[in-house]
Amino acid sequence: ARPPVIRAAAILACSDDPDHRQQAFRSATSAFDLFGAQELPLDQAVRVVLARLGNFPAMGTRSAIETARAHLPAPLFGEELVVSDARTITLGERCVVLTDYQWRLWNHLQQKERVAVAAPTSAGKSFVLQNFIGGLFEDGAPRTVVYLVPTRALITQVSADLRRLLVGQALASDVEITTVPLERTSPVPPRAVFVMTQ
């Protein structure tokens, strides 16, 4: 039997209320931190909670939780597979499972909707946005993207992240990343990402 707090976390993880979902995450991970998986299969229980929350990256933070999937009862294993398959995208030649938040943002971007997002750094906004930008250049068509950052310090970080991404997609030689304004007489590159402040 699992402690009542884990049962409550598993139920709260099904809620759409952000407070319920946050409490589910905190309760499950705190119980695992306190008790581990020695006496109870808390590794499996936490994995179920994380899957219901759509927080797949968190499953890899503890080896016990990461390997617990093999021991899940079949219905819970199936539940996780359904949710993870629905959140899986292909980036270049690799598949990535996104969190619920990242999945919603990805869908807005894919549908070319205007979207404003505010979330902590750990939410993965930059990961989604940069991978979306990388995907825009896969078709080989001329394209210009402007990536505005709030500070000069972020210009270096974002441009380096984009370069690594484009190298991984074998597009680094084909897409120019520009971090300084062009001279009026300079031609605009046919495929470029401009990373600048306002």
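Which residue fluctuates the most in the chain, going by a Gaussian network model with Cα springs under 10 Å, if the choices are VAL115, VAL97, VAL149?
Maximum fluctuation in the GNM of the chain, among the listed residues, is at VAL115.
Using 7 Å Cα-to-Cβ label points, what is the ARG184/ASN107 separation (nm, one decimal)?
In this crude spin-label approximation the distance works out to 4.7 nm.
Between SER173 and ASP161, what is the label-to-label distance in nm when each label sits 7 Å out along the Cα-to-Cβ direction?
It works out to 2.7 nm between the two label points.
Kindly express, to the nearest 10 degrees and within the range 0 to 90, the angle between helix 152-168's C-alpha long axis and the longest C-alpha principal axis of the chain.
Rounded to the nearest ten degrees, it is 80.
Could you give the size of the charge dipole of segment 1-151 about its Cα centre, using +1 on the Cβ of each K and R and -1 on the Cβ of each D and E, expressed in debye and rounded to the nearest 20?
Working: 15 positive and 15 negative charges, 41 e Å.
I would put it at about 200 debye.
Quick check: residue separation of GLN22 and LYS125 times 0.36 nm, minus the Cα distance between them. What number comes out in nm?
Net length gain for the segment: 35.2 nm.
What's the longest uninterrupted piece of the chain once you rule out the GluC sites (Glu not before Pro) that are loop residues per DSSP with at most 10 other Cβ within 10 Å?
It works out to 114-182.
Starting from the Cα gyration tensor of segment 125-189, take the square roots of the eigenvalues, sort them a ≥ b ≥ c, and report rounded, prolate or oblate (rounded when a/c is under 1.5, otherwise prolate if a/b is larger than b/c, else oblate).
On the way: a/c = 1.79, a/b = 1.06, b/c = 1.68.
Taking the square roots of the gyration eigenvalues as a ≥ b ≥ c, segment 125-189 is oblate.
Please build a GNM for the chain, connecting alpha carbons under 10 Å apart, and tell me which residue among PHE35, PHE56, PHE127 fluctuates the most.
PHE35
What is the ratio of the Cα radius of gyration of segment 67-148 to 2.2 N^0.38 Å, where N is its residue count, to two decimals?
With N residues counted in segment 67-148, Rg over 2.2 N^0.38 Å equals 1.33.
Using Cα atoms only, what is the angle between the long axis of helix 42-53 and the major principal axis of the chain, expressed in degrees (0 to 90) to the nearest 10?
50
R0 = 25 Å: FRET efficiency of LEU34 with ILE11, Cβ-based, nearest 0.05?
Efficiency, rounded to the nearest 0.05: 0.80.
Report, to the nearest whole %, how much of the accessible area of segment 42-137 belongs to carbon and sulfur atoms, 1.4 Å probe, protein only.
Numbers: 2820 of 5130 Å².
Reported share for carbon and sulfur atoms: 55 percent.
Mind running the shape call on segment 54-95? Use the C-alpha gyration tensor, a ≥ b ≥ c as the square roots of the eigenvalues: rounded below 1.5 for a/c, prolate if a/b tops b/c, oblate otherwise.
Oblate.
Scan around LEU91 for amide H atoms under 5 Å from its own, H built in the peptide plane at 1.01 Å from N, and keep only partners 5 or more places away or cross-chain.
The list, which skips near neighbours in sequence, is VAL96.
What is the diffusion coefficient of the chain in µm²/s, taking the Kirkwood radius over Cα pairs and the Stokes-Einstein relation at 25 °C with a viscosity of 0.890 mPa s?
It diffuses with D of about 128 µm²/s by this estimate.
Amide H neighbours of ARG191 under 5 Å, at least 5 residues apart or on other chains, H built in the peptide plane: list them.
Counting only residues 5 or more places away or on other chains, the set is ARG143, GLU176.
Accessible area per residue of the chain at 1.4 Å probe, in Å²?
The answer is 61 Å² per residue.
Between segment 116-170 and segment 1-72, how far is it from one alpha carbon centroid to the other, in angstrom?
32
The values are calculated or read from the model by the stated rules, or taken from the named source; none is laboratory data. All figures in this text were calculated on a predicted structure; none of them were measured in a lab. Methodologically, a virtual Cβ is constructed for each residue, glycine included, from the backbone with ideal geometry; neighbour enumeration extends over all protein chains shown. The area values use the complete protein model at the heavy-atom level, side chains included, leaving out ligands, DNA and RNA. Shrake-Rupley method; radii C 1.70, N 1.55, O 1.52, S 1.80 Å.
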